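Presented below is the structure to which this report refers.
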Amino acid sequence: MSTIPTQTEIKDQIATDIESETSKTAPSLPVSVWNIMATAWSAPFRLAYKYVQWAYRQIFVATADRDALVLKAAEFGIFPTPARKWIGEMDFTGTNGSSISSGAILTRGSVVYRTTEGGTISGGTVQLEVESVATGSANQLEIGETAAFTSPVAGVDRDGTVASVTQSAEDAESTEALRTRVQLRQRLQPQGGSAADWILWTLEVSGIGEAFASRPSPGFVNVYPLTNDSDPANRIPDSSKLTEVEDYLQALPQRPLNSNVSAVAFTEIGFDLTISN
């Protein structure tokens, strides 16, 4: 159902049908009971048209809204990847013997973080695990960036510095990314560990938007993941994300028992291009 008739078109059609069924030879007056009823009926009929059009869209993966798409994805064992917190290790400096409690609050801009463990400064520093309070990519911190305590901690400097990233902050999987995974699953049927299977399994990892797979030799599989970052410069995953992908694939119960899988980063190659007419 590509188009929906306007309310006026529906009203006119109802009025025409009434005149035909009642064998009227002259048109009804604008204020006749039939015209009034046709006008009243046209609005709910148009809503019915819209509902049928919406219900029709839910039949197909390509046009389904998110709620229907999630249900269709579940039929294939595919579920949207959730948003994730940022988790990392931060270095804090200060006077030896000064303590930082678990749950201490830090901020960077409008983003809030908290320590998940306590510790005491020794040798002028202490390293503690810190996580973002909220989920989503807006909470991401990179190595070397800082966050500040919201309240002074006795004997401890105000800023903590990121020493390592344990888990990157990521947004929940978008509707279109989920749609792509379901469509791939429809086109690429499971084949007991084929290249297509490894691609689909790799796409189950949060933050991965595209993947390729190859078999360099019998029993070995290389997967080449790309992130779903909109910036092409950031699409090649870092070592921590590659490790996450590899660990996920190694732990899959459905993977072939004799397969050795490695997550490999693409190598970006730049070249000059000259265009002439």
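Look through S239, S262 and report the one residue that is surrounded by 10 or more Cβ atoms within 10 Å (Cβ to Cβ), at pLDDT 85 or above, under 30 Å from E142 (Cβ atoms) and hydroxyl-bearing (S, T, Y).
On the way: S239 fails: surrounded by 10 or more Cβ atoms within 10 Å (Cβ to Cβ).
On inspection, the qualifying residue turns out to be S262.
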Does L71 satisfy the condition of being surrounded by 14 or more Cβ atoms within 10 Å (Cβ to Cβ), at pLDDT 95 or above and of a type outside the set (D, E)?
no
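For segment 29-78, how many residues meet the condition of being in a helix (DSSP H, G or I) and of a type outside the set (S, T, Y)? Show your work before the answer.
Of segment 29-78, the ones in a helix (DSSP H, G or I) are 33-57, 66-75.
From what's left, of a type outside the set (S, T, Y): 33-38, 40-41, 43-48, 50, 52-55, 57, 66-75.
Total meeting the criteria: 30.
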Sole residue being modelled with pLDDT of 90 or more, surrounded by fewer than 14 Cβ atoms within 10 Å (Cβ to Cβ), of a type outside the set (K, R) and not assigned by TED's automatic domain parsing to the domain that holds G124, chosen from A62, A40, A26:
A62
Hey, L141 hits all of (1) surrounded by fewer than 19 Cβ atoms within 10 Å (Cβ to Cβ); (2) in contact (Cβ under 8 Å) with a residue 40 or more places away in the chain; (3) part of a loop (DSSP other than H, G, I, E, B) but one; which does it fall short on?
(1)
Filter segment 93-115 for residues that are closer than 15 Å to Q140 by Cα and of a type outside the set (A, V, I, L, M) and give the result.
T107, R108, G109, S110, Y113, R114
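The values are calculated or read from the model by the stated rules, or taken from the named source; none is laboratory data. Given the structure is predicted, the values throughout are model-derived calculations rather than measurements. Neighbour counts run over all protein chains shown; Cβ positions are idealised from the backbone, glycine included.
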